[in-house]
Amino acid sequence: MQKTGDDIITLALALSRHMRRMAVQSQAKGGTNMMRSLALTSIKETPNMTMSDFAKAMKISGSSATAFVDRLCKEKWVKRVADVKNRKVVHIVITPLGEKALTKNILQKRKFLSGILTLIPVADQKHLHRILSNLTESLNTSSEQ
């Protein structure tokens, strides 16, 4: 029986709920939450990120970005570095402790997803790989336009 778009969406939303529960459990065990993980990833992947760059990347206001970065600094996951050419500009840099927290988070996600994949026959894993690759490529292409 062929699945309809609504059936696929329902299944995707159910999987998303499972993933959020995993994230909450990970956070309860001392892991990073999804927003912190996203923030650390953005900071790591954007050299010389400024506060305004961070606010744009996280889609939050400047004051919220400042408060968010304050919390990350308090955890010693990021640090502020003054721009050598313009003292008014501050860059946000991930610290070794932040790198460690991000790596731990990524490993937890990979472990969780590996466990899920063991529930799926190898032939279906190959189909899933093809589908996810196509979807990722389409999303990357549409975001570039």
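The values are calculated or read from the model by the stated rules, or taken from the named source; none is laboratory data. Note that the structure is a prediction, hence the values are computed from the model and not measured. Quick reminder, even Gly has a Cβ in these numbers, built from the backbone with ideal geometry, and neighbours come from all protein chains shown.
Assorted remarks:
- Residues within region 102-145 that are among the polar types (S, T, N, Q), within 27 Å of S42 (Cβ to Cβ) and surrounded by 10 or more Cβ atoms within 10 Å (Cβ to Cβ), tallied: 7
- Yes/no for K79 being modelled with pLDDT of 95 or more, surrounded by 15 or more Cβ atoms within 10 Å (Cβ to Cβ) and charged (D, E, K, R): yes
- Residue in region 82-101 that is nearest to T50 (Cα to Cα), counting only those that are aliphatic (A, V, I, L, M) and surrounded by fewer than 14 Cβ atoms within 10 Å (Cβ to Cβ): A82
- Yes/no for K126 being basic (K, R), free of Cβ contacts under 8 Å to residues at least 12 places away in the same chain and part of a loop (DSSP other than H, G, I, E, B): no
- Of the residues making up region 61-77, those that are part of a helix (DSSP H, G or I), over 14 Å from V90 (Cα atoms) and either in contact (Cβ under 8 Å) with a residue 40 or more places away in the chain or among the aliphatic types (A, V, I, L, M) (or both) are A67, L72.
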